[in-house]
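**Student:** Below: one structure in structure tokens.
Please treat every number below as a calculation from the coordinates, not as lab data. In this text, all values refer to a predicted model and were calculated from it rather than measured experimentally. When we count neighbours, we look across all protein chains shown, and the Cβ atoms used for this are built from the backbone with ideal geometry, even at glycine.
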């Protein structure tokens, strides 16, 4: 079912059959055991709630549409023949339609809200008891700004936030929307300059320099400028990586310690896994990563899909595994004498 | 006449800029070489600590420990950074020490008490990190030398370089032993 068939009255039926978790065969038994114990028992409850929400929403949409049409017909005698339809009438019509839509869709919003508050914290607890999931939290924008991997922006909006740790390395993930105000004559409008994820991984040892890998600026820009925010260009050996990223650092040696061939491959794999543009910075005692994506990651993909949450669990597990691999690869958890 | 003068000035400016870029490249290569030396010094400082811990447990590896000590002494003796042969020899000595230390790390595996000694674990972790830094410093050095050598060897850079006494520098190259194919059956006995 999709929105169109839903509106045109397609039958709303519960789908209780599981499609199966998708994960690497080595991870599957542990994943399945956790799913069966923690998530599957809630699946029936949420499937009932989903069906109820969809039915209620459709009733309200039909009712709302009727009220809207009735109001429109009632207003027709008030319109004098030949009179212009004044802008106020348009605004009023749009306003009423919006209020009706808000009222009609509220059962669906309540359902997605309940999924977020009950299912996602459970999914993240799989990765450790200290994993927490919260909405609307700001993990700390300043550190990303100081790390020089953000575009210039005027406003920031924060959505879901995940905090936890792996091998003693603290992990923070934040959904962020950055906007820049642009003036066009007298009007000003907000333009999206970044939408996606901010990821912060702590390191037990502070980095001596400041190293960033930003997405490639193109050979022409690099020909005229060999620096980025006061950092010097680092030429690396992997031509594939050089095509995707431009690396800048205050410490040429440390940049090469961090950007080993294995890490370069991992970063490219991460970009491919998220099918997104990725930038990262090693700054002070943190590895900061930004992943551009228009997808809302911590919500059920569609209310029209069955509430089994297998897809969501499998996808989040895959993404977290990529982050854990970076921690293991960079040995961010190790204390050394350096 | 005026045109000739302008042409001459332009040639002089280009030649000067070329000279500046050559010197910059040479200095970057020297800076990279100094970077290797900083890391080698760190390793040289770490080696006695590792040897002291190892000596307590390793009765049968005296010759290996002595060899490492001798190589460390050679490496810390200093060398002429402007002499390509001296640089080449210095890098070869660093590699030889690396190889011997690698041998020591493998030998540690045969001494369970030493392997689980907390000070040794920490020292080995630090050593591995220093090795990663040395390897990165070599990559930086080779990248800087590659740029310098290209500039020095191509005309008219070669002309300006010979006038300014800027010489090509040796690359860091892996030792013959490192290039030899690894026979897995030696390790899987």
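**Student:** What number of residues within region B:146-162 satisfy the criterion of being in contact (Cβ under 8 Å) with a residue 24 or more places away in the chain and either within 14 Å of chain A (Cβ to nearest Cβ) or loosely packed, with under 14 Cβ neighbours inside 10 Å (or both)?
**Tutor:** 4
**Student:** Would you confirm whether any residue within region A:284-294 is within 16 Å of the chain's Cα centre (by Cα), closer than 30 Å to residue A:52 by Cα and touching a residue at least 24 places away in the same chain (Cβ under 8 Å)?
**Tutor:** Yes, region A:284-294 contains at least one residue that is within 16 Å of the chain's Cα centre (by Cα), closer than 30 Å to residue A:52 by Cα and touching a residue at least 24 places away in the same chain (Cβ under 8 Å).
**Student:** Scanning for something surrounded by 15 or more Cβ atoms within 10 Å (Cβ to Cβ) and in a helix (DSSP H, G or I), does region A:77-92 turn up at least one residue?
**Tutor:** No - not one qualifying residue is present in region A:77-92.
**Student:** Answer yes or no: is there a residue in region A:67-88 that is under 26 Å from the mean Cα position of the chain (by Cα) and in contact (Cβ under 8 Å) with a residue 12 or more places away in the chain.
**Tutor:** no
Yes/no per residue for (1) crowded, with 20+ Cβ neighbours inside 10 Å; (2) in contact with a helix residue (DSSP H, G or I) (Cβ under 9 Å, 6 or more places away or on another chain); (3) under 25 Å from residue A:136 (Cβ atoms):
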site: A:258; (1), (2), (3): yes, yes, no
site: A:263; (1), (2), (3): no, yes, no
site: A:288; (1), (2), (3): yes, yes, yes
site: A:295; (1), (2), (3): no, no, yes
site: A:301; (1), (2), (3): no, yes, yes
site: A:319; (1), (2), (3): no, yes, yes
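**Student:** State all residues of region A:241-254 that are in a helix (DSSP H, G or I) and more than 8 Å from chain B (Cβ to nearest Cβ); if no residue qualifies, say none.
**Tutor:** A:241, A:242, A:243, A:244
**Student:** Filter region A:219-233 for residues that are touching a residue at least 40 places away in the same chain (Cβ under 8 Å) and assigned to a strand (DSSP E or B); which is nearest to the chain's Cα centre (by Cα)?
**Tutor:** Per the stated criteria, the residue is A:228.
**Student:** Right, something else. Going by the structure shown, is residue A:269 touching a helix residue (DSSP H, G or I) at 6+ places or on another chain (Cβ under 9 Å), surrounded by fewer than 14 Cβ atoms within 10 Å (Cβ to Cβ) and more than 21 Å from residue B:129 (Cα to Cα)?
**Tutor:** Yes: the conditions hold for residue A:269.
**Student:** Keeping to region B:1-38, report how many residues are more than 27 Å from residue B:154 (Cα to Cα), without any contact (Cβ under 8 Å) to a residue 40 or more places away in the chain and within 12 Å of chain A (Cβ to nearest Cβ).
**Tutor:** Total satisfying the criteria: 1.
**Student:** Please go through region A:255-282 and pick out each residue that is outside any helix (DSSP H, G or I) and within 14 Å of another protein chain (Cβ to nearest Cβ).
**Tutor:** Answer for region A:255-282, where residues must be outside any helix (DSSP H, G or I) and within 14 Å of another protein chain (Cβ to nearest Cβ): A:259, A:260, A:282.
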